[in-house]
Amino acid sequence: MNDIPLVDLKTEYRAHRKELLQAWDELCESSAFILGKPVEEFERAFAEFLGVPHVIGVANGTDALELAVRALEIGPGDEVIVPAMTFYASGAAVKLAGAKPVFVDVGDDGLMDITQVARAITSRTRALLPVHLYGQPADMAPLMQLARERGLAVIEDCAQSHGATYQKQITGTFGDIAAFSFYPGKNLGAYGDSGAVATKRPEIARRVKSLRVLGSSPENRYFHELLGRNSRLDTLQAVVLNLKLRNLPSGNQCRAEAAKKFSEALRGVPGVSLPTVHRDRSHVFHLYVIQVPQRDEFLKRLHAEGIRAGIHYPYAMHEHPAFSELGYSPGTFPTAERLARQSLSLPLFPAITDEMILRVTSAVRKIASELAS
Ligand SMILES: *Cc1c(COP(=O)(O)O)cnc(C)c1O
């Protein structure tokens, strides 16, 4: 029996292989490799998908976050509040911009705990950085209200939430600016690194546009206004994204349907906690994350069954040596730490079949009962 991969990118490639190779051939023949029409076309299409006036393509999701922080003129001496359970880049981007990430614990759903956020605000806090982790929107209504009351900016990390909605509003349109990653395995993924920021605010859009081309003035190319970086969205990747954006809604729907089947098959299995889906949100299931005790042994046994489950993420933010000078001690964020020890991501991708789901859920049931006895 074949292994079931955590993510299958090949099936989707084969579905649009011909069209893609032709578009890539045209681009290579034109030799217009930097920015140009495919990038502009994607920026326009993704802006329309989100319903915002400005999307600016950048080199990856980490740069999108860093440039978002910098475009808000947040830097040395400033604090940005970041959840303690997320991918490392959410906190690193704040530090790379020269500001200080301040971590707060998350709820059992992995999403930023708003009561903790309120307590972490100081006179230096400039922004809140919610992460729509695993594909489920953070609790944006109280978060936006808190930000308004305290005069704080909001930067959304949408790297896992392309198309997810909160009270019918799409993620990436709540805050001042949003960062997206199109890393290959994301719900909208390119065939290499790429990312984008989205914003309603023209002055922020203008700054990101300059920052991604070394701070060059939009009106005067070799005159540099800001200390930017070279972080353009690669044109070959924009060609892929233009093709794949069309399939994003149906891909998200396949993920949500597969997730529902997982939850139906695994409900009530002793020792296995299933992902919570809040009723006021649509969850696009970038990841289907369960929590199990003896997680590492559980994972080993799944791998032995040919099921390539994974871990997102094995460390809470304050456990990374890269953040050690922030001075957090173990035990500071108990829920984030527990998720780091107990989370396990089951294989999930739009082309997953019922047969694969059955194999995965049967293995999870079997291993859970073995480990319980
Ligand atoms: C993937 C991801 C990023 C970083 O994106 P890259 O394109 O890999 O740089 C940031 N935040 C979250 C939550 C992510 O999942």
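Of all residues in region 147-170, which are among the hydroxyl-bearing types (Ser, Thr, Tyr) and over 11 Å from the mean Cα position of the chain (by Cα)?
Within region 147-170, 165, 166 meet the criteria.
Can you name the residue in region 91-107 that is assigned to a loop (DSSP other than H, G, I, E, B) and more than 22 Å from residue 340 (Cα to Cα) and, of all such residues, is farthest from the ligand (Cβ to nearest atom)?
Looking only at region 91-107, we keep the residues that are assigned to a loop (DSSP other than H, G, I, E, B), and these are 97-99, 105, 107.
Okay, now just the ones that are also more than 22 Å from residue 340 (Cα to Cα), so 97-99.
Details: 97: 14, 98: 18, 99: 16 Å.
Step by step, filter region 91-107, then rank; the result is 98.
Take the residues in region 43-73 that are closer than 14 Å to residue 205 by Cα and of a type in the set (Val, Ile, Thr), then tell me which one is surrounded by the fewest Cβ atoms within 10 Å (Cβ to Cβ).
Looking at the filtered set, the residue picked out is 52.
Please indicate, with yes or no, whether at least one residue in region 22-42 is touching a strand residue (DSSP E or B) at 6+ places or on another chain (Cβ under 8 Å), in a loop (DSSP other than H, G, I, E, B), in contact (Cβ under 8 Å) with a residue 24 or more places away in the chain and surrounded by 13 or more Cβ atoms within 10 Å (Cβ to Cβ).
Checked region 22-42: at least one residue is touching a strand residue (DSSP E or B) at 6+ places or on another chain (Cβ under 8 Å), in a loop (DSSP other than H, G, I, E, B), in contact (Cβ under 8 Å) with a residue 24 or more places away in the chain and surrounded by 13 or more Cβ atoms within 10 Å (Cβ to Cβ).
Select from region 102-126 the residues that are touching a helix residue (DSSP H, G or I) at 6+ places or on another chain (Cβ under 7 Å) and of a type in the set (Gly, Ala, Ser) and list them in ascending order.
Correct list: 107, 110, 118.
Do we have residue 277 as in contact (Cβ under 8 Å) with a residue 60 or more places away in the chain, surrounded by 14 or more Cβ atoms within 10 Å (Cβ to Cβ) and assigned to a loop (DSSP other than H, G, I, E, B) here?
yes
Taking the condition of being in contact with a Pro (Cβ under 7 Å, 6 or more places away or on another chain) and assigned to a loop (DSSP other than H, G, I, E, B), how many residues in region 159-191 meet it?
6
Between a residue in region 178-189 that is within 13 Å of residue 133 (Cα to Cα) and more than 9 Å from the ligand (Cβ to nearest atom) and any residue that is among the small types (Gly, Ala, Ser) and outside any loop (DSSP other than H, G, I, E, B), which pairs come within a Cβ distance under 9 Å, given they are 6 or more apart or on different chains?
If the second residue must be among the small types (Gly, Ala, Ser) and outside any loop (DSSP other than H, G, I, E, B), the pairs left are 187/135; 187/251.
Of all residues being closer than 17 Å to residue 121 by Cβ and either of a type outside the set (Asp, Glu) or crowded, with 21+ Cβ neighbours inside 10 Å (or both) in region 74-90, which is farthest from the ligand (Cβ to nearest atom)? Just the residue, please.
Of all residues in region 74-90, those closer than 17 Å to residue 121 by Cβ come to 74, 77-84.
Now restrict to residues that are either of a type outside the set (Asp, Glu) or crowded, with 21+ Cβ neighbours inside 10 Å (or both): 74, 77, 80-84.
Working: 74: 17, 77: 24, 80: 14, 81: 15, 82: 10, 83: 9, 84: 13 Å.
Once the filter is applied, the top-ranked residue is 77.
Being out of contact with any helix residue (DSSP H, G or I) (no Cβ under 7 Å at 6 or more places or on another chain) and within 15 Å of residue 104 (Cβ to Cβ) narrows it down to one of 337, 355, so name that one.
Values: 355 fails: within 15 Å of residue 104 (Cβ to Cβ).
From the options 337, 355, the qualifying one is 337.
Please go through region 190-240 and pick out each residue that is in contact (Cβ under 8 Å) with a residue 12 or more places away in the chain, in contact with a strand residue (DSSP E or B) (Cβ under 8 Å, 6 or more places away or on another chain) and among the hydrophobic types (A, V, I, L, M, F, W, C).
196, 197, 198, 204, 205, 208, 213, 214, 233, 238
Could you check region 108-146 and list, in sequence order, the residues that are part of a loop (DSSP other than H, G, I, E, B), more than 16 Å from the ligand (Cβ to nearest atom) and not acidic (Asp, Glu)?
Going through region 108-146, the residues part of a loop (DSSP other than H, G, I, E, B) turn out to be 108-111, 113, 121-124, 129-130, 132, 136-139.
When the remaining residues are screened for being more than 16 Å from the ligand (Cβ to nearest atom), the result is 108, 113, 121-124, 139.
Result: 121, 122, 123, 124.
Please specify each residue of region 202-225 satisfying the condition of being among the acidic types (Asp, Glu) and either surrounded by fewer than 10 Cβ atoms within 10 Å (Cβ to Cβ) or touching a Cys at 6+ places or on another chain (Cβ under 8 Å) (or both).
203, 219
For residue 198, indicate whether it is away from the ligand (no atom under 14 Å from the Cβ), crowded, with 24+ Cβ neighbours inside 10 Å and part of a strand (DSSP E or B).
Yes.
Between a residue in region 131-145 that is small (Gly, Ala, Ser) and any residue that is within 11 Å of the ligand (Cβ to nearest atom), which pairs come within a Cβ distance under 7 Å, given they are 6 or more apart or on different chains?
135/160; 135/161; 135/187; 135/286; 135/287; 138/130; 138/131; 138/132
Residues of region 235-274 being part of a loop (DSSP other than H, G, I, E, B), small (Gly, Ala, Ser) and out of contact with any helix residue (DSSP H, G or I) (no Cβ under 6 Å at 6 or more places or on another chain), which ones?
Quick first cut of region 235-274, residues part of a loop (DSSP other than H, G, I, E, B) only: 246-247, 267-272, 274.
With the extra rule that they be small (Gly, Ala, Ser), the set shrinks to 268, 271.
268, the sole residue that qualifies.
No lab work stands behind these numbers, since they all come straight from the coordinates. Only a predicted model underlies this, so the values are computations on that prediction, with no experimental measurement involved. Virtual Cβ from ideal backbone geometry, glycine too; neighbours counted across all protein chains shown.
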